[in-house]
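Taking it in order: structure first as structure tokens, then the write-up.
The values are calculated or read from the model by the stated rules, or taken from the named source; none is laboratory data. Fair warning: this is a prediction, and the values are worked out from it, not measured in the lab. When we count neighbours, we look across all protein chains shown, and the Cβ atoms used for this are built from the backbone with ideal geometry, even at glycine.
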Amino acid sequence: MARSVADVQGGLSSRLAARAQAAAADARLRDALAALLRGAFLAAVLLLLYGPLAILVVFAFNDSIIIALPFRGFTLRWFGEALGNPLVRESLRNSLGVAAAITPVSLVLGTLAAFGVTRFRFRARGAVAGLVAAPLVVPWLLIGVGALLFFNRLHVPLSLRTVGAMHVVSTFPLVAAIVSARLVRFDPALEEAGLDLGASPWEVLRLVVFPQLAPALAAAAIFAFSWSFNNFEISFFTAGFELTFPIWVFSTLRHAQNLPVVNAISTLVSAVQVLAVYAAWRIVRGRPGARRAAQVPEAIPELIQR
Amino acid sequence: MRARAAPGRGAGARAAGFLAAPVGVLALLFVGPIAILLLMSFLRMSIAGSGGFTLDNYGAILRDPLYLRILARTGAIATVAMLAMLALSIPLGYVLAFRVGRLELPLLLALVLSDELNPLIRIYSWRMLLGRNGLVNSALLALGVIHRPIDALLFSSVAVVIVLSVSWVPYVAIPIYASMKAIDPNVLEAARDLGAGFGTVLRRILLPLAAPGIFVSLILVYIPLFAEFATPALVGGTSGYMIGNVIQEQILEVGNWGVGSAMSFLLLLLSGVLAAVSYRLSRLSRIEAVRG
């Protein structure tokens, strides 16, 4: 016999081992390639989301009235000009004022709606839930146009008050969505136990409900504020001659070239917004259930799907 | 879901205590304006004032080829932007849910943050980049690649599609991510162990189970895309003019409230139909997913 059985087996197993090794190397290569592709894809997404904003920021510091390459040198004068511009100041003051006024109102109305819809079963419950969700689905342009005609019919002069009223309408359903997403996750039995053990309704609210809702309410407050501050469509139709920050940006750009002053004020506003969202995330993250609160837009589909 | 009381008068009365204020506000300031919109769209308007009901406003829209062309373009822009966002969000949702490890939360936060930044500032940043005197054009000119600025970059429907997609993509990606996150990773692993390629996994597991998220994103994003007007006004020019711009022009500039409100109401009707269809589909797809 030229070759023993053991030889054949040995040859076979070494060939198998070699093939397995090659396959493992192949798999490693594929994994590395896949990881590379994923990295490139994520980088491209981030570039789309933030690239243009980064360039906007760079040109806020460019010492030239024209926004074009090459870079002419570093300056802070556009920031000075932006902050000294009376229209910029007025529009920022108005936007911040409206947002600050409507946030607590939206929180109260949204929490009431969330409680009523999630904690009771009654015949019109489906219809009420639909009504509360509707302003999240109807486009803001249509809410704005409708409001303009509505206030005109009732002879209510347009002002920051009408803007605020309509911001409440478009914002408190968002609060309701966020709060009810949280409410359906915790057990009403805790509230009942509190009542059975002799706590007053107010104590149940303060000691049982509020601590569980706090992260959701914090997130809702931030979102309500920024929805109002950022809102353009509804404000545009209901502000009359008043100016909000998005309206100022729109009307400045509508009839003008790109302007470094707009870059400067946009840089400042965006920086504050980034810090606010980051701070909110840090505050909310420290609490139980924080992961959910950090993913707030999820709450919107949750309300609609229910 | 649990409820504190059985259906009946008691629950209704106690619920009313919570719901009276929010429902009252919506009845006055949400239902009111929509009702006025509907009413105005049927009113006959003349120099002598308004009087009598008419269908003229709707007729004026549906007979005018210009309006019909803008309506068709609006649908095309919204649809292309929606498809672009889905094409981006389905892989993004998958990667975020299963493939980024500790980066998951920071990346999610990046998506949420991009939505919290001011939309007008975002539109401006793209206009700065793509405009006639924008950076892309000036860079290409400086490099000698082109000799005249490319106008097509900005003031076109392409620019509108790009800016709208970037603006709305968080509202598509996050629901899709959420519904993919609910998929048990063991299912994916089992499929791969049994020899399914990525294409099969995508077709047989990921897409069917992510379908509810996809339909939610249709409600949240596809509908408002039809009613955009700030983006087309700032980067669209005449070739990116959308139905929202017509409404704004009719209401604020021409003062033709009849046609403006009829157009708004048509848009609202379209929104309602789209919402109902997507909602149905999302319900159906959930049942399908449960049945497996």
Filter region B:79-102 down to residues that are surrounded by fewer than 18 Cβ atoms within 10 Å (Cβ to Cβ) and under 17 Å from B:Ala178 (Cβ atoms) and give me whichever is farthest from the other protein chains (Cβ to nearest Cβ).
B:Phe98
Would you mind finding the one in A:Val156, A:Val169, A:Val163 that is among the β-branched types (Val, Ile, Thr) and within 7 Å of chain B (Cβ to nearest Cβ)?
A:Val169
Mind checking which pairs have a first residue in region B:184-203 that is polar (S, T, N, Q) and a second that is surrounded by 12 or more Cβ atoms within 10 Å (Cβ to Cβ), Cβ under 9 Å, 6 or more apart or different chains?
B:Thr200/B:Ala191
Can you pull out every residue in region A:54-94 that is charged (D, E, K, R) and away from chain B (no Cβ under 14 Å)?
A:Asp63, A:Arg77, A:Glu81, A:Arg89, A:Glu90, A:Arg93
Residue among A:Ala100, A:Ala129, A:Ala134, A:Ala82 that is more than 25 Å from A:Phe232 (Cβ to Cβ) and among the aliphatic types (A, V, I, L, M)
A:Ala129
Could you pull out every one of the helices (runs of 4 or more DSSP H) wholly within region A:170-256 that has 3 or more residues that are at pLDDT 85 or above and within 20 Å of A:Ser106 (Cβ to Cβ)?
A:210-230, A:233-238
Go through region B:140-165 and count every residue that is at pLDDT 75 or above and part of a helix (DSSP H, G or I).
12
Quick check, is A:Arg119 basic (Lys, Arg) and crowded, with 21+ Cβ neighbours inside 10 Å?
yes
Single unsatisfied condition, A:Gly97 versus (1) within 7 Å of another protein chain (Cβ to nearest Cβ); (2) at pLDDT 95 or above
(1)
Looking at region B:90-139, which of its residues are part of a helix (DSSP H, G or I), at pLDDT below 85, over 17 Å from A:Leu48 (Cβ atoms) and of a type outside the set (Ser, Thr, Tyr)?
B:Gly101, B:Asn137, B:Ala139
Mind checking which pairs have a first residue in region B:249-264 that is more than 12 Å from B:Tyr67 (Cβ to Cβ) and modelled with pLDDT of 90 or more and a second that is in a helix (DSSP H, G or I) and among the aromatic types (Phe, Trp, Tyr), Cβ under 7 Å, 6 or more apart or different chains?
B:Ile251/B:Trp257
Note on A:Arg185: of the conditions (1) buried (at least 17 other Cβ atoms within 10 Å of the Cβ); (2) among the charged types (D, E, K, R); (3) within 11 Å of chain B (Cβ to nearest Cβ), unmet is (1)
Complete set of residues in region B:235-245 that are crowded, with 22+ Cβ neighbours inside 10 Å, modelled with pLDDT of 90 or more and not small (Gly, Ala, Ser):
B:Met242, B:Ile243
In region B:67-78, anything surrounded by fewer than 16 Cβ atoms within 10 Å (Cβ to Cβ), in contact (Cβ under 8 Å) with a residue 12 or more places away in the chain and aliphatic (A, V, I, L, M) is listed as B:Ala76
What about A:Pro215, is it over 25 Å from the mean Cα position of the chain (by Cα) and over 30 Å from B:Val31 (Cα atoms)?
no
